[in-house]
Amino acid sequence: MVHVSATPVLALRGVSKRFGAVQALTDVELEVHAGEVVALVGDNGAGKSTLVKTIAGVHPIDEGAIEWDGKAVTINKPHDAQNLGIATVYQDLALCDNIDVVGNLFLGREIRRRGVLDEVEMERRSRELLDTLSIRIPSVRIPIASLSGGQRQVVAIARSMLGEPKLVILDEPTAALGVEQTAQVLDLVERLRERGHAVILISHNMADVKAVADKVAVLRLGRNNGVFEVKSTSQEEIISAITGATENAVTRRAARTNGEIKK
Amino acid sequence: MSIDKTSTPAKDHTVENSAAASGAATAVDPRLLVREQGFAGYLSEFKRKMKAGDLGSIPVVVGLVIIWAIFTSLNSNFLTAGNFTNMAVAMVGTGLIAVGIVFVLLLGEIDLSVGSVSGVAGATFAVLSVTHGMNEVLALVLAILTGTVAGAVHGFFFARIGVPAFAVTLAGLLFWQGFMLQVLGSNGTINLPADGLVVKLTSYYFSDVAAAYGLAVVVTAGYFLSAYFDNRRRAAAGLPSRPLNEVVVRTVLLAVLAFVVAIVFNQYKGLPLAVVIFLVFLLLTDFVLRRTSYGRKVYALGGSVEASRRAGINVELVRISVFAIAGTFAAIGGLFVASRIASANQGAGAGDFLMNVIAAAVIGGTSLFGGRGRTWDALLGVMVIVSIQYGLALEGVASPVQYMITGGVLLATVVIDAVTRKTQKTAGRA
C-alpha cells in the first residue's frame with residue numbers, strides 16, 4: 001500500500017468473515033482517509049454488504065484487525081461503531097413516512113426542554129444542518145411521504161450527519177433514483193467530503209463511482225481485487241477487476257472495438 | 001496488492017466546490033412550497049391540503065352538522081339544552097375508552113378487549129367498595145389499575161411473544177368478560193350508592209354559572225397564550241411563524257365555540273363534572289402524543305417499525321405501554337358507564353358497546369392504518385355516535401335500526417379513510 005498523508009480514519013487489515021461453510025470475506029484490506037470518498041464495488045455476492053456490516057458492527061469479524069485513527073479497535077455491536085463515529089445509511093431507508101422531516105431527523109434523539117419536545121430548537125437545527133449540506137426540500141414541516149425518492153435519500157443521509165460522524169457509509173444511495181435525484185445525492189456526497197468526512201460508497205453504478213469517488217476498492221469473491229485511483233483508471237479496467245476478466249491489452253482492445261462491456 | 005494505485009487525496013477541486021456550494025445554499029429552489037404570509041397564504045395552504053386529500057377533521061364536522069340538522073328538523077327537542085347536556089354526559093364513558101383506542105390505532109393495531117375490561121373495572125369497584133366496604137378512592141384506584149394490568153398483559157403477549165394484537169385482545173375480550181361475571185358473583189348486579197364517588201362522576205354539575213364561563217375563559221386564554229408564546233419563540237429563533245392575526249382569528253373561533261357550549265350548559269343544570277374530566281384527559285393525552293418524545297415514538301411505530309427500531313426506540317416497551325394505556329382508559333371509561341346507570345351489572349361492555357368505541361375513534365378521523373390521528377378524534381367521533389343514538393331514541397326508532405344506521409356511518413367513515421389514503425398516495429403524502 002502506498003500510504004498517503006495522515007493515518008487513515010479507518011483501516012481494515014486482513015479481515016476475514018465466515019458464515020458456516022461460506023467464506024464471505026478473505027483477508028480483506030481497506031483504508032479510508034478523512035475527506036476521501038472510497039467507492040466499494042463488486043459483483044453481487046462479492047462481499048460488499050458483508051464488509052460494510054462488519055464495519056457497522058452488525059457482524060463482528062472472525063480474523064484480522066480494524067484500526068480507527070491508527071489504533072486497533074473491536075467492533076462487536078452497532079453501538080460500538082456509532083460510538084467510534086461511524087454512521088451507516090442503509091439501502092432501504094429508515095424513515096417514518098407519517099412524521100415530518102424535523103421529526104425524522106431527530107427520531108430517537110429528540111431535543112427536550114423541561115421534559116417537553118423542543119420543536120423550535122429541533123427545527124432551527126434541522127434548517128441549519130440542511131443549509132450546511134445545501135439540501136433543499138420544500139419544507140422541514142411536511143411528512144416524509146411527500147418527498148421524492150432523492151429528497152428522502154438526502155434526508156436519510158442528513159440524519160446520519162447529526163451525530164457528527166467521522167465516517168459515513170452509504171449503501172447504494174442512488175439505487176432507485178432518477179437522473180436529477182441521483183445528481184442531488186452525489187452533490188451531497190461531495191459536500192460530505194468537503195466537510196472532511198470519510199465516505200465509503202457502495203455502488204453498482206460506474207458513472208456514479210467515476211463522478212464522486214477518489215478511490216475504488218474492488219471486491220471479488222470475498223477478496224480484494226485491486227484499489228484504483230479513479231482519475232487515472234478507465235471504467236473498463238474497473239469493470240474487468242469486478243468481473244475477474246484477466247486484465248491485459250487484448251481484453252481492453254476487445255472491449256474498445258466491441259464498444260460494449262462484457263458483463 | 002499489485003494493482004494498487006492509491007495517491008494523494010483530491011485536495012485541488014475541494015476549494016472551488018465549497019465556494020460553489022455556499023453560493024447554492026442562498027438560492028431558493030423555485031419548487032419550494034413557501035407559504036405566503038397572512039390570510040391569502042392560509043387559504044392557498046388549505047386548498048393545497050384539500051387537493052392532496054389531507055381532509056383532517058372536516059368530514060366528521062360536516063357529518064355532525066348534517067346529523068344535527070336532520071334530527072333538529074325531525075324533532076325540536078333534539079337541540080335543547082337538556083338533551084345537549086345529557087348527550088355530553090353520555091358520551092364521556094365511550095369517549096374515554098375511545099381515547100385509549102386512538103393510542104392503539106396509532107400503532108396500526110386494534111384492541112378488542114376494551115369493552116370487557118371496562119366492565120371488569122366497574123365490577124371491581126362495586127365489589128370492593130359496596131360488598132367489601134373498602135374506601136371509595138382506594139377502590140377507584142384499584143379498579144383503574146385492573147385495567148392497566150389487563151392492558152399490559154395484552155401488550156406483553158403482543159410485543160414479546162409476537163401474537164397478533166387482534167388474537168390477543170379477542171382472547172382478552174372473552175377472558176375479562178368471564179372474569180367480570182365471576183367477580184360479580186351470583187347477585188349479577190351491584191347497585192352503587194347515589195351519593196357515592198363513582199355515581200357523582202356523572203351526576204355532579206357545577207351549578208354556578210361562573211364555572212362554565214370560567215372554564216371557557218381559561219380554555220380560550222390558555223390557547224391564545226400558548227400559541228402566542230410559541231410564535232414568539234419561533235420568531236426569535238428565525239423560524240417561520242404564524243401571523244398574529246391568524247392566531248387571533250383561531251382564538252376568536254375557539255372562544256365563540258366555548259362560550260356557546262357554556263351558555264347551553266348553564267341553561268340546564270350547569271357544567272357537568274364528567275365533561276370537565278373528559279376535557280382534561282383529552283388535553284393531557286393530546287399533549288403527551290404531540291409534545292413528548294414518548295408520543296413521537298408512538299407515531300414513529302405507526303409509520304415504520306423498522307425505522308423506529310433503527311432509531312433506537314424500544315419497540316416492545318412502547319407497544320406494551322400503549323396497550324396498558326388502552327386498558328387504563330377502558331377502566332376509567334367503564335367507571336363512567338357504571339356511574340350513569342349507578343350499578344355494575346352483567347351486561348356491562350356487552351352488545352354493540354365495543355363496536356361503538358372503535359367506531360368513535362375511527363369516525364373521528366384516526367386512521368386504521370396507523371400513524372395518523374389525534375385524541376381529539378375520539379371526541380368528534382363519540383359526538384357523532386351519541387348524537388345518532390339520542391336522535392333516533394327521540395324519534396322512537398328501535399335499536400335494530402340504530403345499529404344499521406351506526407353501521408352505515410362507520411362504513412362511510414372507513415370509506416373516506418381509505419379514499420383519503422389513495423388520494424394522498426397519488427398526491428405523494430401517504
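In table form, for the structure just shown:
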| item | result |
| --- | --- |
| FRET efficiency, B:Val276 to B:Ala194 (Cβ-Cβ, R0 22 Å, nearest 0.05) | 0.60 |
| Residue mean of other protein chain beta carbons inside 10 Å, B:284-295 | 2 |
| Computed over chain A: relative contact order in percent, which uses C-alpha pairs under 8 Å that are six or more apart | 25 percent |
| Contact order relative to length of chain B, as percent, for alpha carbon pairs under 8 angstrom and 6 or more apart | 32 percent |
| From phi via Karplus (6.51, -1.76, 1.60), per-residue ³J(HN,Hα) for the range A:118-128 in Hz, x at Gly/Pro | 9, 4, 5, 5, 5, 5, 4, 5, 4, 4, 4 |
| Net charge of neighbours whose Cβ lies under 15 Å from the Cβ of A:Lys71, counting Lys and Arg as +1 and Asp and Glu as -1 | -2 |
| Averaged over B:297-307, number of beta-carbon atoms from partner chains that fall within 10 Å | 6 |
| Of A:Arg13, A:Arg152, A:Arg109, the one that fluctuates the most in a GNM where chain A has Cα springs shorter than 10 Å | A:Arg109 |
| Over the range B:208-268, relative contact order from alpha-carbon pairs under 8 Å, at least 6 apart, % | 53 percent |
| Residue among B:Gly396, B:Gly407, B:Gly115 with the largest mean-square fluctuation in a Gaussian network model of chain B, springs linking Cα atoms under 10 Å | B:Gly396 |
| For B:230-237, mean number of other protein chain Cβ atoms within 10 Å | 3 |
| Using a Förster distance of 22 Å, the FRET efficiency for A:Leu129-B:Ala237 (Cβ separation, nearest 0.05) | 0.95 |
| Between helix B:244-267 and chain B: long-axis angle, C-alpha atoms, 0 to 90°, nearest 10 | 0 degrees |
| Segments A:155-167, B:99-111 sorted - mean Cβ within 10 Å per residue, highest first | B:99-111, A:155-167 |
| Gaussian network model of chain A, Cα within-10 Å springs - most flexible of A:Glu121, A:Glu36, A:Glu63 | A:Glu121 |
| Reach of A:Lys71 by Cα under 14 Å, taken over aspartates and glutamates that are not fewer than 8 positions away in the same chain | A:Glu31 |
| Neighbourhood charge, 14 Å Cβ-Cβ cut-off, centred on A:Ala175 and excluding it, Lys, Arg +1 and Asp, Glu -1 | -2 |
| Residue pairs, from the table A:Lys48/A:Lys166; A:Lys166/A:Lys210; A:Lys48/A:Lys231; A:Lys48/B:Lys422; B:Lys200/B:Lys297, whose Cα atoms sit over 30 Å apart | A:Lys48/B:Lys422; B:Lys200/B:Lys297 |
| Stokes-Einstein D in µm²/s, Kirkwood radius over Cα pairs - the protein assembly as shown at 10 °C with 1.306 mPa s viscosity | 55 µm²/s |
| Counting DSSP beta bridges with both ends in the protein assembly as shown, the antiparallel % (nearest 5) | 60 percent |
| Nearest 10 degrees, 0 to 90: helix A:249-258 Cα axis against chain A principal axis | 70 degrees |
| Helical contribution to [θ] at 222 nm, DSSP H n ≥ 4, -39,500 (n - 2.57), averaged over chain B, rounded to 500 | -24000 deg cm²/dmol |
| Centre separation in Å (Cα based) which lies between the range B:215-265 and the range A:69-137 | 33 Å |
| Potential lengthening between B:Tyr403 and B:Val137 on full extension [0.36 nm per residue; Cα-Cα distance subtracted] | 92.1 nm |
| Point-to-point label distance, B:Ala221-B:Phe166, nm (Cα→Cβ direction, 7 Å offset) | 5.1 nm |
| Tensor-based shape of the range B:146-270 (alpha-carbon gyration tensor, a/c under 1.5 rounded, otherwise prolate or oblate) | oblate |
| Cα gyration tensor shape for the range B:62-135, rounded if a/c is under 1.5, else prolate or oblate | oblate |
| Helix B:114-125 axis, angle to chain B major axis (alpha carbon atoms, nearest 10°) | 50 degrees |
| FRET efficiency for A:Ala65 and A:Leu221, using Cβ-Cβ distance with R0 set to 35 Å, rounded to 0.05 | 0.95 |
| Tensor-based shape of the range B:208-268 (alpha-carbon gyration tensor, a/c under 1.5 rounded, otherwise prolate or oblate) | prolate |
| Environment charge at B:Met404 (Cβ cut-off 15 Å; Lys +1, Arg +1, Asp -1, Glu -1) | -2 |
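Read the figures in this text as sums done on the coordinates, not as results from a lab. Everything numeric in this text was worked out from a predicted model, so none of it was measured. For neighbour counting, all protein chains shown are included, and Cβ atoms are generated from backbone atoms with ideal geometry for every residue, glycine included.
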